[in-house]
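Peer 1: Can you keep this structure in mind? I'll have questions shortly.
The values are calculated or read from the model by the stated rules, or taken from the named source; none is laboratory data. In this text, all values refer to a predicted model and were calculated from it rather than measured experimentally. Please note: Cβ atoms are built from the backbone with ideal geometry, for glycine as well, and neighbour counts cover all protein chains shown. Note: areas computed on protein heavy atoms with side chains; ligands, DNA, RNA excluded. Shrake-Rupley method; radii C 1.70, N 1.55, O 1.52, S 1.80 Å.
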2 protein chains.
Amino acid sequence: MHAKEMAEDFPVVDAESDAWDAVTRMAERRLPGLVVTDTAGKPVSVLPSSQVVRILVPSYVQDDPSLAGVLSERMCDRVADKLRGKTVRALVPDDAPEPATVNADDTIVEVAAVMARLRSPLAAVMDGDELVGVITASRLLQLALTPR
Amino acid sequence: MHAKEMAEDFPVVDAESDAWDAVTRMAERRLPGLVVTDTAGKPVSVLPSSQVVRILVPSYVQDDPSLAGVLSERMCDRVADKLRGKTVRALVPDDAPEPATVNADDTIVEVAAVMARLRSPLAAVMDGDELVGVITASRLLQLALTPR
């Protein structure tokens with residue numbers, strides 16, 4: 001089985017679209033992350049949900065976690081407000097790793113190796129320059145554990 | 001809002017239970033990972049799905065990804081067989097980071113900071129030595145984005 005056959009229906013989001021809407025949809029649908037594309041549809045980032053939550057952490061707390069304690073509860077409860085009016089691009093950290101992509105003809109082992117190495121629960125399946133689908137870690141495990 | 005109120009119903013697995021069953025359930029329920037406990041119920045590891053898929057990658061391919069290409073398709077399709085007869089403990093890598101845990105009275109920002117730092121879509125909520133719940137990144141984002 002090749003990556004192209006493993007791919008499943010998965011929403012991708014344009015880097016210029018609204019960040020609040022994208023994160024709300026991601027959370028409501030319990031998606032493991034966001035596949036962010038440019039306007040031409042090419043993946044610019046594959047963001048695991050564990051990295052999307054970084055937007056909730058003020059940068060001075062990212063630098064010094066002990067500072068989280070000084071934030072009042074009310075401030076913490078309003079921490080998502082900074083998403084308003086931003087685009088999805090704001091969610092992509094400057095030091096984001098390469099997007100987790102695999103080739104359409106990659107095997108289960110090759111896809112698993114990319115996910116493990118980039119610590120990504122998602123892999124975008126590319127046929128040349130074209131995004132042809134997305135594979136989640138859940139989907140990969142289901143396929144690997146289903147006797148054929 | 002504190003971590004204890006954010007916690008949701010989430011299955012935990014005993015390190016001595018069957019690995020095949022645990023991974024199958026995780027994949028079927030599309031869970032973002034596994035919270036692995038010892039027999040006393042204390043978390044020993046919080047494994048993101050992106051790390052559970054490592055079990056599908058033979059160790060010589062983890063060391064040298066270019067070797068993935070030499071595996072035949074048939075070998076790849078049977079790669080999950082090595083899970084059979086193993087316990088969940090076999091899924092926990094030797095170099096696994098500390099389990100992603102938060103304190104019952106931690107805020108949204110403190111939970112988000114732990115998830116981001118440990119790249120974990122899950123955090124186990126501890127009240128002293130007792131596991132009192134689990135928070136997923138999806139749940140955290142839903143709570144943060146819901147106007148109160």
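Peer 1: Can you list residue pairs whose Cβ atoms sit under 6 Å apart, with the first residue in segment B:1-17 being in a loop (DSSP other than H, G, I, E, B) and the second being open to solvent by 30 Å² or more (accessible area, probe 1.4 Å) and not charged (D, E, K, R)? Count only pairs 6 or more apart in sequence or on different chains.
Peer 2: Going by the 6 Å Cβ cut-off, the qualifying pairs are B:A15/B:V44; B:E16/B:T87.
Peer 1: Sort through A:D106, A:D77 and tell me the only one that's facing another protein chain (nearest Cβ under 9 Å), in contact with a His (Cβ under 8 Å, 6 or more places away or on another chain) and among the charged types (D, E, K, R).
Peer 2: Details: A:D77 fails: in contact with a His (Cβ under 8 Å, 6 or more places away or on another chain).
It is A:D106.
Peer 1: Taking the conditions exactly as written (within 11 Å of chain A (Cβ to nearest Cβ) and in a loop (DSSP other than H, G, I, E, B)), does B:R25 satisfy them or not?
Peer 2: Answer is no for this residue.
Peer 1: With the requirement that a residue be under 30 Å from A:L56 (Cβ atoms) and open to solvent by 40 Å² or more (accessible area, probe 1.4 Å), what does segment A:93-113 give you?
Peer 2: Listed by number, the residues that qualify are A:D94, A:D95, A:P97, A:E98, A:T101.
Peer 1: Here is a follow-up. Of all the residues that make up segment B:18-49, how many are free of Cβ contacts under 8 Å to residues at least 12 places away in the same chain and polar (S, T, N, Q)?
Peer 2: Total meeting the criteria: 1.
Peer 1: Say whether the condition of being more than 10 Å from chain B (Cβ to nearest Cβ) and out of contact with any Leu (no Cβ under 8 Å at 6 or more places or on another chain) is met by at least one residue in segment A:48-60. It would help to see each step written out before you state the result.
Peer 2: The initial filter retains those residues of segment A:48-60 that are more than 10 Å from chain B (Cβ to nearest Cβ), namely A:59-60.
With the extra rule that they be out of contact with any Leu (no Cβ under 8 Å at 6 or more places or on another chain), the set shrinks to A:59.
Checked segment A:48-60: at least one residue is more than 10 Å from chain B (Cβ to nearest Cβ) and out of contact with any Leu (no Cβ under 8 Å at 6 or more places or on another chain).
Peer 1: Also, I was wondering about something else. Name the residues in segment A:28-49 that are at pLDDT 95 or above and part of a helix (DSSP H, G or I), would you?
Peer 2: The answer is A:S49, and nothing else.
Peer 1: Consider segment A:128-148. How many of its residues are open to solvent by 40 Å² or more (accessible area, probe 1.4 Å), in contact with a helix residue (DSSP H, G or I) (Cβ under 7 Å, 6 or more places away or on another chain) and either more than 9 Å from chain B (Cβ to nearest Cβ) or part of a helix (DSSP H, G or I) (or both)?
Peer 2: 3
Peer 1: For the subset of segment A:50-103 comprising residues that are hydroxyl-bearing (S, T, Y) and touching a Ser or Thr at 6+ places or on another chain (Cβ under 7 Å), which member is nearest to A:D38 (Cα to Cα)?
Peer 2: Taking segment A:50-103 first, the residues hydroxyl-bearing (S, T, Y) are A:50, A:59-60, A:66, A:72, A:87, A:101.
Add one more test, that the residue is touching a Ser or Thr at 6+ places or on another chain (Cβ under 7 Å), and what stays is A:50, A:87.
Values: A:S50: 22, A:T87: 12 Å.
By that ranking, first place goes to A:T87.
Peer 1: Residue by residue through segment A:56-73, note down the ones that are open to solvent by 30 Å² or more (accessible area, probe 1.4 Å) and either part of a loop (DSSP other than H, G, I, E, B) or touching a residue at least 12 places away in the same chain (Cβ under 8 Å) (or both). Can you show your working first?
Peer 2: Keep residues of segment A:56-73 that are open to solvent by 30 Å² or more (accessible area, probe 1.4 Å), which gives A:59-60, A:62-67, A:69-70, A:72-73.
Matches in segment A:56-73: A:D64, A:S72.
Peer 1: Moving on. Any idea which residue in segment A:80-92 is surrounded by the most Cβ atoms within 10 Å (Cβ to Cβ), counting only those that are assigned to a helix (DSSP H, G or I) and more than 9 Å from every other protein chain (Cβ to nearest Cβ)?
Peer 2: Among them, the one singled out is A:V88.
Peer 1: Another question, if that's okay. Just one of the numbered conditions (1) assigned to a helix (DSSP H, G or I); (2) of a type in the set (A, V, I, L, M, F, W, C); (3) in contact with a Phe, Trp or Tyr (Cβ under 8 Å, 6 or more places away or on another chain) is not true of A:M115; which one?
Peer 2: Just one mismatch for A:M115, condition (3).
Peer 1: Just checking, does segment A:96-108 include any residue being part of a helix (DSSP H, G or I) and among the charged types (D, E, K, R)?
Peer 2: There is no residue in segment A:96-108 that is part of a helix (DSSP H, G or I) and among the charged types (D, E, K, R).
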